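All remarks here apply to the structure that follows.
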Amino acid sequence: MRKQGSPSLQREPSGEAFGRKPITARELARMLGVSQSAVSRAFTPGASIAADLRERILKYAAEVDYQPNAIASMLSKSRTNIIGIVVSDMQNPFYPGLIEKLSRSLQRIGLQSLLFNITKGSNLEEQLSALRRYNVDAVIVISATILSGSTLSWATEGRPAILINRVIEDTNLSCVACNNVEGARAIADHFHRQGARRVAYVAGLSHTTTNRERQSGFVTRIAELGMTLSAQIEGREYSYYAGRKAALEIAAGKNTDAIFFANDILAIGGIDALREEAGCRVPDDILVAGFDDIPMAGWPHYNLTTFRQPVDEIVRVVVEMIEGDTSALLRAATTIRLSGELIERRSTGAEPDAE
């Protein structure tokens with residue numbers, strides 16, 4: 001005999017359950033004979049509701065496999081526990097790994113991620129309008145080199161926003177980045193210790209602050225060490241093929257001892273071109289270094305010397321900023337630069353166990 005006041009359950013065959021339309025909060029409330037707001041409060045931690053009523057609602061919800069609609073909840077509350085992540089350079093292997101670590105760290109503090117992949121050649125205004133329509137608590141912008149400071153300020157207006165791996169001056173956007181100047185100078189010092197005196201620099205996108213800092217740090221340091229800048233090339237993008245093209249151009253000049261590529265994927269393309277097309281031995285004929293330390297950099301075929309970005313520390317600092325007083329991010333922009341680590345490998349003549 002059914003207990004009075006408890007709704008009866010109609011069990012469906014397991015084969016039909018997969019095609020069953022999810023139960024709504026309104027339907028659950030009608031089944032239980034309570035208000036829809038009571039259902040909402042039962043699923044909201046800290047909300048005002050009698051303990052026995054909450055228990056009855058949650059118990060029955062589990063029996064009928066009811067799940068709150070996260071999107072509907074997001075639209076009705078001032079805080080959604082959703083963080084928007086904007087990226088525009090997914091072909092660079094550095095960023096998927098960073099996004100994975102960032103999203104996992106956000107999940108550990110109860111936040112979910114909503115990814116906005118801004119693609120080159122697309123209608124930027126249309127894509128960024130979508131970002132403005134979503135009710136996210138904060139926005140994290142990862143590189144997004146195709147977006148200007150004014151565009152990003154418009155897209156994130158009224159919400160806390162943090163840039164990773166890029167600094168935009170004269171905006172209200174805070175930034176957490178690797179110390180690019182420190183890394184570039186460490187590469188120059190390493191080249192000098194390895195005996196290189198005529199060195200080249202290959203940029204990705206010359207207009208970005210990330211590139212300008214790496215280029216300035218490298219060029220300034222080699223001048224201090226009495227080295228010669230034999231070539232300076234803009235790859236126009238941070239890609240494997242841009243690295244290949246730049247390496248062949250440098251190799252044709254036959255006057256370079258070492259090449260510093262602005263990131264690892266450029267350097268990996270450069271190593272393949274030097275070995276396969278230019279007939280150069282790396283590191284016997286020419287030294288090669290990159291920046292980031294993506295997983296491929298450590299593959300035996302490349303054994304790439306690089307400057308490792310402090311990804312774990314970057315993620316930790318960003319998550320702490322999101323978890324803390326986000327209103328401070330709206331009041332004033334903050335720039336935090338974190339130290340990385342030089343990783344010496346065989347592409348510059350380092351011993352295999354030097355790491």
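Just a few scattered comments:
- Restricting 273, 289, 328, 267 to those that are modelled with pLDDT under 95 and more than 19 Å from the chain's Cα centre (by Cα) reduces the list to 328.
- Whichever residue in the range 258-283 is in a loop (DSSP other than H, G, I, E, B) and in contact with a Ser or Thr (Cβ under 7 Å, 6 or more places away or on another chain) and, among such residues, is nearest to residue 185 (Cα to Cα): 283
- Residue 172 vs. criteria under 20 Å from residue 311 (Cβ atoms), more than 16 Å from the chain's Cα centre (by Cα) and surrounded by fewer than 20 Cβ atoms within 10 Å (Cβ to Cβ): no
- Filter result for residue 292 (buried (at least 17 other Cβ atoms within 10 Å of the Cβ) and among the acidic types (Asp, Glu)): yes
- Condition check for residue 331: charged (D, E, K, R), surrounded by 15 or more Cβ atoms within 10 Å (Cβ to Cβ) and not assigned by TED's automatic domain parsing to the domain that holds residue 187: no
- Residues being polar (S, T, N, Q), assigned to a helix (DSSP H, G or I) and over 14 Å from residue 290 (Cα atoms) - total across the range 201-225: 3
- Summed over the range 246-257, residues that are surrounded by fewer than 18 Cβ atoms within 10 Å (Cβ to Cβ) and either of a type outside the set (D, E, K, R) or part of a helix (DSSP H, G or I) (or both) total 5.
- In the range 209-223, the residues that are assigned by TED's automatic domain parsing to the domain that holds residue 259 reach residues that are part of a helix (DSSP H, G or I) and of a type in the set (Lys, Arg) with C-beta atoms within less than 9 angstrom, at least six apart or across chains, in these pairs: 217/185; 218/185; 220/185; 221/185.
- Matching option when the condition is surrounded by 20 or more Cβ atoms within 10 Å (Cβ to Cβ), touching a Lys or Arg at 6+ places or on another chain (Cβ under 9 Å), outside the structural domain of residue 113 (by TED's automatic domain parsing) and over 24 Å from residue 175 (Cβ atoms), among 287, 304: 304
- Criterion (closer than 24 Å to residue 135 by Cα and at pLDDT 85 or above) met by exactly one of 71, 82: 82
The values are calculated or read from the model by the stated rules, or taken from the named source; none is laboratory data. A quick note: this is a predicted structure, and the numbers were derived from the prediction, not measured. Every residue, glycine as well, gets a Cβ built from its backbone with ideal geometry; the counts of neighbours run over all protein chains shown.
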